[in-house]
Every structure is written in C-alpha cells, then in structure tokens.
Amino acid sequence: RGSVQQDVLRLGENFTHKQSQPEVSVDLRAPGTATTVTPGVRKYIFTEGKGRKTPPADSKCFVHWTLRLVDDASGKVIDTTLGEEGEKAPIEVTQPERSDGGPMTRGLIDGIYSMTKWERCAFYVTPEQGYGEDGHLSFPSVPPNASLVYSVMLYGWIANPKEKRRTEMMYEERLEAANRRREWGKDELEQERYWQAWVYFNMGLSYLDDEFMFQLEEKERKQANKIRHPMLLYGSSCLSRLKVHNRALKLAKQVTFEDPDNGKAWYRLAKGYRLKGETDLALKAIEKAMRREPNSQALKDELAKIKDLKAKNLFAEKVLYQGVLVKDEKKKAEDKAAAEAKPKKKKSLLYRIRKSFSSKPKYSSV
C-alpha cells in the first residue's frame, strides 16, 4: 500500500508555532497503534487533543481535513478544506452527513465526533463507510471500492447550537456569529496562544467575506466593519507573531485601504513591516499613523523601535562591508607576499640565446 507523505494540515506559509507544524510522514503499512471508531473506521492519533471531551451528537464541529486514497502510492491529495494556500477557515460540520464543505462520508462524520479539541489524527475508512462500490464521479473523484485516508484536525465545537447554517443566516445572525468567534479569538490571544486565536479570527472573518460585504448597503457595511476590521487587525497581530509576515501585512493593508483614517491599522502595518525587517516601509506607515493619532504613546514607542532597528541594520551593513574590504585587502597582501617569496626559476642557456636573437636592435637617432 501507499504512504501519506505528510500531514498537510497547516494554515499558510511558514508557520513556526509548535502546534501548527506539519506532522511527520506516516507509513500506511505500519502507522502505529490504531483504535476502532466504528466498524470500518480506524483512527491513528498524530497529536493528542485538549482534555477528554468529545463533541455531543447535536453539536456543530469546526474542522479541516485532507483526503487521499490508501492505494495511491504517491499520496496525492484529492480533496481538502484548506484552500490552495491553506487560507480558508475551518468548515462547520453537523450530523448527519452535511457540512459547509459539501457531501461527506459516514466514516468521516463518525471519526470527527470521536475527536477531542485540537486533536490531529488520521482515519482509515473502508469502502463501506466511504463512497462504496460505486465510488464518486464528481469532485472528489473516487474510484469504486476505494479505501480512504483522512487527515483531520478538530478546532472545537458548539454543543446544542442555536446557530443556523451559515448559508441560511440573515444579516444580524451573521454579525452575531462573527462577533462570537472574535471573542473566542480574543480569549486565546490573551493567553498568548496566537495560532489558536488566528483560527477563531479566521472563522469569524468567513462570516463577513467579500461576497457578503459586497451585497450590503453603506450603513450595513459600516456596522459589519465594526466587527470585521478589528478581526483583521487581531489576525494580523497573530500572524506577525507566528512570522507569517506576508499574510499579516495583507490583512493590515486591507483595513488601511478600506478605512485610511484608521490609525490602529497603520500602526499594525508599521509593526508588521518592522517585524519583517523592512524599516523604510515601517517608517512610512508609522508616520501616517502618528498623523492620525499624534498623542499615542504606543505609536511613539513603535517609532523608537523602528529607528533603533534601522540603526542596527545600518551598523551591521557597515561592519559587513568593512569586513569584506579588509578581507579583500588581506588576501591581496598575502598573494603578493607569496609571489615575492617564491624563488625565481633560472633561465636556461638556450632560452637566453633565443632571447638575444629575437630582440630588436636599437638604432641611435641621427
């Protein structure tokens, strides 16, 4: 049988937080100790979750997963909820076999409801608990009688949820759902759990996505942005701390574009540039922030940090440049000394005779 090359459950580029690192390769032939969830569904845990509670049957679960075929030796992913760059928020799953991500197999549903919060695992699902003897023709394309392997992460759940499905929510209900996830993210942020906080902020932003915002009237858009813009900036802060600088800057830039007078957005952009080491851009952003909030001590402190980093960078460049020059001069001196110390080869008699005949005669001027 084939092997899973790696667990690709990740949220974008270069995450360094220990709880968001990709898992090591897992050999399907001997993946370790398994537990049986239901007949036809085996579970292998990559990372233990938080606590021992599992989602009640009536709960709404927040998950990401990737799907592969057990018999595909290449380990090719044939379905994922992550998006092309891992940018999507976790999808919301409810029993029985429905979710925001489309049709799901019975084996995956049973597996998800056996997990604990923040758990990572793999589920090996037989055809009977997967797509059966007919397979699945549309996306994902699954051949008949195929055994499946899901890599899954459970981010949490709401027990006995009063929320509707996102596609069924009205305007006010979407705002409430987004704000609820913002509060969850703030709780994680206060505990300095930046990756978990970003997950919740990203979930909240999914309720106020571009398509939804485009349909709103000006008054409704302003009200939605009172929730959305802080989430974008909170998310930018989390991603900067996780060293996902490009995405962090993108979120802050989005707020400055939509609300140019937002001093906090310019401050967040400046800090993001500083953490990335781009001091010139950081200075431009902090100057714009200070024009909007000239009395802010936080902005003055950030300006001092940017100037200090710029001075350190200039000094490091100067030392590096001087070091290169010194090394170059030293090398030249060593080469010259070695050439002078090398004994000159004595010319042979035959060489001197040939040299005397080949030299041109000198004529004195008349």
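The values are calculated or read from the model by the stated rules, or taken from the named source; none is laboratory data. What you are looking at is a predicted structure, and each value in this text was computed from that prediction instead of being measured. Here Cβ is always computed from backbone atoms with ideal geometry, including for glycine, and neighbour counts include all displayed protein chains. The protein model used for the area step is the full one, side chains on, heavy atoms only, and it has no ligands, DNA or RNA in it. Shrake-Rupley method; radii C 1.70, N 1.55, O 1.52, S 1.80 Å.
See the values below:
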{"item": "22 Å Cα-Cα threshold exceeded, pairs from K222/K243; K250/K276; K271/K307; K43/K88; K186/K310; K76/K276", "result": "K222/K243; K43/K88; K186/K310; K76/K276"}
{"item": "Simple spin-label estimate for T38 and I78 in nanometres, 7 Å along Cα-Cβ", "result": "2.0 nm"}
{"item": "Interchain or long-range residues, amide H under 5 Å from L82's placed H", "result": "W65"}
{"item": "Heavy-atom surface of region 228-295, accessible at 1.4 Å and reported per residue (Å²)", "result": "46 Å²"}
{"item": "Accessible area (Å², per residue) of region 118-217, counting only protein heavy atoms and a probe of 1.4 Å", "result": "48 Å²"}
{"item": "Long-range Cα-Cα pairs in region 83-210 (distance over 18 Å), rounded percent", "result": "61 percent"}
{"item": "Cα convex hull of region 121-177 - mean projected area over all directions, nm²", "result": "6.1 nm²"}
{"item": "E211/F139 FRET efficiency (R0 22 Å; Cβ-Cβ; nearest 0.05)", "result": "0.60"}
{"item": "Region 168-257: C-alpha gyration tensor shape, a/c 1.5 cut-off, then a/b vs b/c", "result": "oblate"}
{"item": "At R0 = 25 Å, FRET efficiency that the Cβ-Cβ distance of V319 and K276 yields, to 0.05", "result": "0.70"}
{"item": "Probe 1.4 Å - accessible area at C61, Å² to nearest ten", "result": "0 Å²"}
{"item": "For region 140-224: relative contact order, % (alpha-carbon pairs under 8 angstrom, 6 or more apart)", "result": "23 percent"}
{"item": "Pairwise centroid distance, computed over Cα atoms, of region 139-176 with region 214-228, Å", "result": "25 Å"}
{"item": "R0 of 25 Å, Cβ-Cβ distance D301-N246: FRET efficiency to nearest 0.05", "result": "0.50"}
{"item": "Restraint check, K226/K264; K226/K284; K60/K226, Cα-Cα greater than 23 Å", "result": "K226/K284; K60/K226"}
